[in-house]
1. Let me know the charge dipole size of the protein assembly as shown about its Cα centre in debye, to the nearest 20, where only the beta-carbon of Lys, Arg (+1) and Asp, Glu (-1) is charged.
2. With point charges of +1 on the Cβ of Lys and Arg and -1 on the Cβ of Asp and Glu, referenced to the Cα centre of the protein assembly as shown, which listed residue (B:Ser69, A:Thr113, A:Leu73) lies farthest in the positive direction of the dipole?
3. In Å and from the alpha-carbon atoms only, list the Rg and Dmax of the range A:1-59.
4. Taking a temperature of 10 °C and a viscosity of 1.306 mPa s, what whole-number D in µm²/s does Stokes-Einstein yield for chain B with Rh from Kirkwood over alpha carbon pairs?
5. Could you tell me the largest-minus-smallest coordinate of the C-alpha atoms of the protein assembly as shown on each of the three principal axes, in descending order and whole angstroms?
6. If the cut-off is a Cα-Cα distance under 13 Å, which aspartates and glutamates reach B:Lys44, setting aside same-chain residues fewer than 8 apart in sequence?
7. Please state the charge dipole magnitude for chain B, taken about the Cα centre, from unit charges on C-beta atoms (+1 on K and R, -1 on D and E), reported in debye and rounded to the nearest 20.
8. What do you get for Rg/Rh over chain A if you use C-alpha atoms and the Kirkwood form of Rh?
Amino acid sequence: DQQVKQNSPSLSVQEGRISILNCDYTNSMFDYFLWYKKYPAEGPTFLISISSIKDKNEDGRFTVFLNKSAKHLSLHIVPSQPGDSAVYFCAASANAGGTSYGKLTFGQGTILTVHP
Amino acid sequence: NAGVTQTPKFRILKIGQSMTLQCTQDMNHNYMYWYRQDPGMGLKLIYYSVGAGITDKGEVPNGYNVSRSTTEDFPLRLELAAPSQTSVYFCASRPRSGRASLYFGPGTRLTVT
């Protein structure tokens, strides 16, 4: 039962253009969503997050959009740079009355390649 | 701060052998986690701990054991290695309060043959 899905295994974009990475979830209890970036041979690093009380959160070149009715979120990177080439993971957590203890459920990841 | 450190970086085990993956964090985080990542898959939670002496199972705990005797250390034990445990293992930690993100270690790549 894949509760968080990233249906695009890979995405290729040109430097300077927009990258859009998508993520869908099925668990209605999820109320906090995060994006992580992972380079080869390194651990994932936190990129940006959004609470379910918002529909948009922006941090520099990175914006995350949340559509709760569609159970869908997306990460926009504008403009894309070659250094953004990495695997991007979507993750979700549920507050569950404070008993979730920060556990995250991850999607499968999307490999982003930004060409110079 | 070194953050979250993991040893070893790589290991090859024979079927049936045992080993312990080490994880240490120097950020005084209460919560710690072990995830595994298989090729083309997301990270799956093996075990987690909310403080010294307290551990609980995650999504895929079979074949593993953990202990948490100190705030800093959270070792993962494989007792009878099986080929299905070939994976990359990530340890992570976060503070107790709020909705903070997880801080991950660099991972241990384990091959069981």
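1. Working: 22 positive and 16 negative charges, 32 e Å.
It comes to approximately 160 debye.
2. After comparing all options, I get B:Ser69.
3. 13.4, 37
4. On the way: Rh = 14.0 Å.
Diffusion coefficient, whole number: 114 µm²/s.
5. Extents along the principal axes, in whole Å: 49, 40, 37.
6. Within the straight-line cut-off, B:Lys44 pairs with A:Asp1, B:Glu59.
7. Numbers: 12 positive and 7 negative charges, 31 e Å.
Dipole size: approximately 140 debye.
8. Values: Rg = 13.8 Å, Rh = 14.3 Å.
Using Cα coordinates only, the ratio equals 0.96.
Throughout, read-outs are computed from the coordinates displayed, never taken from laboratory work. None of these values were measured; they are calculated from a predicted model. Because the Cβ atoms are built from the backbone with ideal geometry, glycine has one as well, and the counts that use them run over all protein chains shown.
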